[in-house]
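The values are calculated or read from the model by the stated rules, or taken from the named source; none is laboratory data. Nothing here was measured: the structure is a model prediction, and the numbers come from that model. Cβ atoms come from the backbone with ideal geometry, glycine included; neighbour counts cover every protein chain shown. Note: accessible area is taken over every heavy atom of the protein model, side chains too, but ligands, DNA and RNA are not part of it. Shrake-Rupley method; radii C 1.70, N 1.55, O 1.52, S 1.80 Å.
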Amino acid sequence: MNYFVIVGPKDKFIYETYLGNSKDTVGGSGFPPHIRDLLPFILHSSLDLVYANKWGKDSEGLDNSRCYLGLLDFFFGLPITAYVTYSGIMFLMLHFNNQILRKLDTGIIDPTSNSKTAKQLAAIAPRVKNGYVEVFYREVHELYIKTLMNPFYHMGDPITSPLFSRKVHRLSKRYLH
Amino acid sequence: MSQPEPQKIIDPSSSSHKKTVKKLPTPLNTNASSCIYTQSLAFTKNKVSLSAMAFLFQEMVSTIYKNSKTMAEFEAKLNKHGFGIGVRLLELLNFRASLPVTTNSRSSIFPSSSSTSAQNPSNSTVSASGSGAAGGNSGSGSTTDRHSNGPESLTSLINTMKRRDLKILDILQFVHGTVWAYLFDHPSDDLVKSSERSNEYMIVDNMPVFTQFIPGGVSCDFYVCGIVQGFLTNAGFPCRVTPHRMPQDGFDRRIVYLVQFDKQVLEREGLRFGSN
């Protein structure tokens, strides 16, 4: 279960979805409500890091000009990955796994309460498989370009096509689960 | 298509027109969107005839001209039309540049070399089979499983994505080479840095394609300026682009596209690559 967004110009979300392998991805019903409402804020807060990274340098002092920015940030131990397209559109994803969701749901862990939860969450946080995640992002990038090729679509408009959504979910099934 | 016609004959009033408008969305939605997502982004050698292009361009220019009060407004509007194309080219051409050289997409960049012409027959068969498969898929209705292997998704062919261009020179080289080759079939004739002002660069075109049949000033070249501006601005290099006619060496329609980057671009460049 992951939360995926596409961030357009002026930091507007132009697409958001819950990616999972079951029916509870519809409307994010697989997430406990108090977590679900937090998700956009969590990803918004890591936008600063995306900006710093997309013009920054990597650990060897070279240009960080790759599209895939990789594992970028943690929210109480939950990994956040990011990808930047050539026109500065950003893809962000917050990674969950079932174990964490169960604990969040039953209230064993509450990320809004204190810092102790960070350690608890980090212990069971999903490992990000960079290879698969990167390919997933590339595929979505290609879909985004196809959307952009539509002369009636303007850059920064929300992406509302159900077909786009279906394809993204199919990709997530192939690469993220 | 056959249904609305008899209606028109019986009653060509606004009500029947409304009916056809209402009817359209459902079939259009499914067809159009599925077309968009099943089409391959790979380069296919579909050229538009110059006369058709010139005709469309002339229509666009005259429509905008009629709707503009001042010359500045006309130029701004034309610029805006090009801007949207620049945005799309930025994503599309960079993505295509990520594909390995052996696939057909690369041949779009420098069509002058002899090897590409030898490749072309195979390219066309590849793309033809691709579109055929896509058509078959949409016909049968179950498009789900063939996506990844078919030409519809090019991502599987990519080993490493092309890096984003973060330097002024890199991005201008891309415009000078790839973008020009895509638009006009040849790289631009020159790329010059201004010796007087550090934020000014010039892209030179000896024979502007779009405006070659339009006499007079350079106002219509604001369209190409818009393309370049849309490309650079969205890549993170906000700038202004203006056309200037500078005849030279027998090319009396020679156009210089003057690119003036915003201050912030130079400041950033100075911070990131200070030693240069």
Kindly check whether there is at least one residue in the stretch B:44-67 that is modelled with pLDDT of 90 or more, under 16 Å from B:Y223 (Cα atoms) and within 14 Å of chain A (Cβ to nearest Cβ).
yes
Subset of the stretch B:255-272 (residues that are among the basic types (K, R) and either buried (at least 16 other Cβ atoms within 10 Å of the Cβ) or assigned to a loop (DSSP other than H, G, I, E, B) (or both)):
B:R268
Go through (1) without any contact (Cβ under 8 Å) to a residue 60 or more places away in the chain; (2) surrounded by fewer than 19 Cβ atoms within 10 Å (Cβ to Cβ); (3) touching a Leu at 6+ places or on another chain (Cβ under 8 Å); (4) under 23 Å from B:L90 (Cβ atoms) and name the single condition B:V209 misses.
(1)
Find the residue count for the stretch A:146-177, including only residues that are within 9 Å of chain B (Cβ to nearest Cβ), under 23 Å from B:L157 (Cα atoms) and in contact (Cβ under 8 Å) with a residue 40 or more places away in the chain.
1
Mind counting the residues in the stretch B:217-249 that are surrounded by 18 or more Cβ atoms within 10 Å (Cβ to Cβ) and part of a helix (DSSP H, G or I)?
15
From B:D185, B:D190, B:D252, residue being on the phi > 0 side of the Ramachandran plot, open to solvent by 20 Å² or more (accessible area, probe 1.4 Å) and not hydrophobic (A, V, I, L, M, F, W, C)
B:D185
